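Report on one structure; see the data block that follows.
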Amino acid sequence: MTGNPDEHDDDPPGIGAVRTPRQQLRGLLGRETLSFRELREWLGLSVRRLEEELRHVERSARGRGERLWVDPPRCLACDFVFRDRQARHLHAPGRCPACRSERITEPRFRLEPR
Ligand SMILES: [Zn+2]
């Protein structure tokens, strides 16, 4: 997948009350800050699927004058923060590379204006 700006990634208009997970995701993140786990519970998606949807939302946000704000995961044992490269794994890492603790906070997300 590339970040082609011409990519047509809008969902079709919902039929009746049915909205796709991507539309629901945008709606939720436009209103409040939610963790990866909370989003999974709301939307009933697998880790892999939710990561795909979040990346999609992140890419398409640019064209909407929005950005996906990410509060990166953090190790509760040593305060190591999973920034930059590590933060691109949008779900919580299993283990801290600095101290090997498994007590890692969930990343949190929100859509906000640029
Ligand atoms: Zn640590």
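The values are calculated or read from the model by the stated rules, or taken from the named source; none is laboratory data. Remember, it's a predicted structure, so these values are computed and weren't measured experimentally. Neighbour counts run over all protein chains shown; Cβ positions are idealised from the backbone, glycine included.
Brief remarks follow.
- Residue count for segment 6-42 under the criterion of being more than 17 Å from residue 58 (Cα to Cα), hydrophobic (A, V, I, L, M, F, W, C) and modelled with pLDDT of 95 or more: the result is 0.
- Any hit, segment 39-52, residues being closer than 30 Å to residue 98 by Cα and in contact (Cβ under 8 Å) with a residue 60 or more places away in the chain: yes
- Verdict on residue 97 being in contact with a Pro (Cβ under 9 Å, 6 or more places away or on another chain) and within 16 Å of the ligand (Cβ to nearest atom): no
- Meets criteria (under 15 Å from residue 21 (Cα atoms), away from the ligand (no atom under 16 Å from the Cβ), touching a strand residue (DSSP E or B) at 6+ places or on another chain (Cβ under 9 Å) and not charged (D, E, K, R)) for residue 69: no
- Any pair with Cβ under 7 angstrom, 6 or more apart, that starts in segment 97-114 at a residue that is assigned to a loop (DSSP other than H, G, I, E, B) and ends at one that is among the hydroxyl-bearing types (Ser, Thr, Tyr): 106/35; 107/35
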